[in-house]
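J.: The structure follows.
The values are calculated or read from the model by the stated rules, or taken from the named source; none is laboratory data. Since the structure is predicted, the reported quantities are computational estimates derived from the model, not experimental observations. Please note: Cβ atoms are built from the backbone with ideal geometry, for glycine as well, and neighbour counts cover all protein chains shown. What goes into the accessible areas is simple: the full protein's heavy atoms, side chains included, and nothing from ligands, DNA or RNA. Shrake-Rupley method; radii C 1.70, N 1.55, O 1.52, S 1.80 Å.
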Amino acid sequence: DAKQQGRNTWHWYEGDQQRATKETVLLRHDLHTALRHDQFELYYQPIVEAVNGRIRGLEALIRWHHPERGMISPGVFIPLVEKTGQIISLGRWILRRACQDAAAMRADDGLVVPVAVNISSLQFRRAGFLADVRTALNDAGLPPELLELEVTESVLLDGAEPAIELINDLKAMGIRVALDDFGTGFSSLSYLRDLPIHKVKLDRAFIKDIATNRSNAAIVQGIITMAHHLDLVVVAEGIEERDQQQDLVRRNCDLLQGFYFAKPMPRDAIRQLPGQLPTPVGAGV
Ligand code: C2E
Ligand code: MG
Ligand code: MG
Ligand code: MG
């Protein structure tokens, strides 16, 4: 009966919750060890010029090689380390490693393109962040022009003023800032006007069905046009097909990123790539 069903539903829910909590505790503990045992690795995904596929940047994307569970996605563990506060030490490690890798790719592979690092808003809004960035650059010997930071609109949680000030400081140092996942969450068009950013990244959600969904296509076109009027560079994320590339070229999008060109890969694989993507037929890798 209904009452019985209700109770079952409750029990099922309770068990599920307990499992989720236990899972969280386990992962939290594992993270602690992972930070000390080199289980993290940065992968890199090319960002290309829309019209010709030339590599114009790389986005650093963290991977966790868990000894028992295999690869764990950042979509799973980044929210967790944000909750525990471990994002601060992990974020510092990411910055340092990305700067070292960028310096090495420049010196060893002649790959002179900016490396974009995702910055959690907790990390960004914390005092000492600017000093961490400066230290990472100096220790790696990387010119600030080769570092880019990707932030989301959640950096505005304390209000626009502190974020504007920090982005201006970064800009003065020569570091560019991109607004990531634009169009999702509570994105407001006025952020594009108020934040001294260099670039806006259109979320994959709008790109996925751009060929068939007229409203998404209209939103994408509107954001590109407006961003250009504000002198911002526009990147579209999640390009998986040639049709999407062609559509976005027609819409004047500057840069593209997605599996169609290349998946995120280890640094050693990046150095094997040709300068133009997708790999021209016959070029061989
Ligand atoms: P994001 O910054 O928006 O990164 C783009 C995500 O889209 C990456 O997922 C990338 O692998 C994926 N992607 C790229 N092209 C395609 C495509 O064509 N199709 C599909 N389906 N996906 C594509 P990933 O690496 O799993 O990262 C997920 C999110 O985790 C990132 O979203 C970012 O918010 C966060 N993240 C990743 N690495 C870091 C990091 O080092 N630090 C911080 N704070 N966050 C990170
Ligand atoms: Mg990003
Ligand atoms: Mg994004
Ligand atoms: Mg995202």
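J.: At a 10 angstrom cut-off on C-beta neighbours, averaged per residue, how do the peptides 245-252, 126-133, 88-95 rank from highest to lowest? It would help to have the intermediate numbers written out before the result.
T.: Values: 245-252: 16.8, 126-133: 14.1, 88-95: 19.5.
Ranking the peptides 245-252, 126-133, 88-95 by packing returns 88-95, 245-252, 126-133.
J.: How large is the convex hull of the C-alpha atoms of segment 156-232 per residue, in Å³? Working shown, then result.
T.: Working: hull volume 6.6 nm³, N = 77.
Hull volume normalised by residue count: 86 Å³.
J.: State in Å² the accessible area per residue of segment 127-225; use a 1.4 Å probe, count heavy atoms of protein chains only, and round to the nearest integer. Let's see the in-between values first.
T.: Values: 4610 Å² over 99 residues.
On a per-residue basis, segment 127-225 sits at 47 Å².
J.: Express in % the proportion of alpha carbon pairs of segment 115-199 at distances exceeding 19 Å. Mind showing how you got there, number by number?
T.: Details: 1119 of 3570 pairs.
Here the tail beyond 19 Å accounts for 31 percent of pairs.
J.: Over the chain, what is the percentage of antiparallel beta bridges among all DSSP beta bridges, to the nearest 5?
T.: Numbers: 16 of 36 bridges.
Bridges in the chain are about 45 percent antiparallel.
J.: Alpha carbon centre of segment 30-69 versus segment 218-285: separation in Å?
T.: 18
J.: I'd like to know how segment 142-285 sits against the 2.2 N^0.38 Å rule of thumb: what's its Cα Rg over that expected value? Working shown, then result.
T.: Numbers: Rg = 16.5 Å, N = 144, 2.2 N^0.38 = 14.5 Å.
Computed over Cα atoms of segment 142-285, the ratio equals 1.13.
J.: Which lysines, if any, have their Cα less than 29 Å from the Cα of residue 199, not counting same-chain residues under 8 positions apart?
T.: Partners within reach: 83, 171, 208, 263.
J.: Quick one: give the max-minus-min coordinate of the C-alpha atoms of the chain along each principal axis, largest first, in Å.
T.: Largest to smallest, the principal-axis extents are 63, 49, 48 Å.
J.: Another question about this same structure. Over the Cα atoms of segment 72-126, what Rg and Dmax result, in angstrom?
T.: Using the Cα atoms of segment 72-126, the pair Rg, Dmax is 13.3, 39 Å.
J.: What three numbers, in Å, describe the spread of the alpha carbons of segment 55-188 along their principal axes, ordered from the longest?
T.: 45, 41, 28
J.: Go ahead and estimate [θ] at 222 nm for the chain from helices alone: -39,500 (n - 2.57) per DSSP H run with n ≥ 4, summed, over the residue count, rounded to 500. Please list the in-between numbers first.
T.: On the way: 11 runs with 138 residues, N = 285.
Helix-only estimate at 222 nm: -15000 deg cm²/dmol.
J.: With a cap of 16 neighbouring Cβ atoms within 10 Å, and only residues DSSP puts in a loop, list the GluC sites (Glu not before Pro) found in segment 59-156.
T.: Working: sites: 59, 68, 82, 145, 148, 150, 153; in loops: 68.
Of the GluC sites (Glu not before Pro), the ones in loops of segment 59-156 whose Cβ has at most 16 other Cβ atoms within 10 Å are 68.
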